[in-house]
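Written out below as structure tokens is the structure these notes cover.
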Amino acid sequence: MQELIDRTARDNYPPLHNIFLFAVTHTFGDSEFWLRLPSVVFGTLTIPAVYWVGCKPHSRRAGLFAAAILSLAAFHVDYSQGRQWRYWEDRGYEWYAGI
């Protein structure tokens, strides 16, 4: 576990992501389903959390609007499907191809 924390300190991903994946792979295995499940669960739970945060200081309408915007955001959907690599691999090389 200490090695995982040391490696996480030098990694691009948030530390809790690596810790959850470590627990999942040691509990259920390393199939694609189990590796993507934490992203799906936390991404799905983020939508009602954003609704709650929007309702607390403002109104129910603001909470619904914020949750709708989040649920339709391509970045959030991709992260919730466990496709983080898409944004890390897409470093803007296509801009240089046009020059």
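The values are calculated or read from the model by the stated rules, or taken from the named source; none is laboratory data. Being a predicted model, the structure only gives us computed values, none of them experimental. Positions of Cβ are backbone-derived with ideal geometry, glycine not excepted, and every protein chain shown enters the neighbour counts.
Suppose the filter is in contact with a Gly (Cβ under 9 Å, 6 or more places away or on another chain), within 29 Å of Ser71 (Cβ to Cβ) and small (Gly, Ala, Ser); does Ser31 pass it?
Values: in contact with a Gly (Cβ under 9 Å, 6 or more places away or on another chain): no; within 29 Å of Ser71 (Cβ to Cβ): yes; small (Gly, Ala, Ser): yes.
When the stated conditions are applied, Ser31 does not pass them.
Residues checked against (1) surrounded by 12 or more Cβ atoms within 10 Å (Cβ to Cβ); (2) touching a residue at least 60 places away in the same chain (Cβ under 8 Å); (3) of a type outside the set (Val, Ile, Thr):
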position	(1), (2), (3)
His26	no, no, yes
Gly29	no, no, yes
Glu32	no, no, yes
Leu37	yes, no, yes
Gly43	yes, no, yes
Thr46	yes, no, no
Ala49	yes, no, yes
Pro57	no, no, yes
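Take Leu70 and tell me if it is part of a helix (DSSP H, G or I), hydrophobic (A, V, I, L, M, F, W, C) and modelled with pLDDT under 80. Working first, answer last.
Numbers: part of a helix (DSSP H, G or I): yes; hydrophobic (A, V, I, L, M, F, W, C): yes; modelled with pLDDT under 80: no.
No: the conditions fail for Leu70.
With respect to Ser80, determine if the residue is under 20 Å from the mean Cα position of the chain (by Cα) and either surrounded by 12 or more Cβ atoms within 10 Å (Cβ to Cβ) or modelled with pLDDT of 85 or more (or both). Quick ask: steps written out before the conclusion?
Values: under 20 Å from the mean Cα position of the chain (by Cα): yes; either surrounded by 12 or more Cβ atoms within 10 Å (Cβ to Cβ) or modelled with pLDDT of 85 or more (or both): yes.
Considered against the rule, which asks whether it is under 20 Å from the mean Cα position of the chain (by Cα) and either surrounded by 12 or more Cβ atoms within 10 Å (Cβ to Cβ) or modelled with pLDDT of 85 or more (or both), Ser80 comes out as yes.
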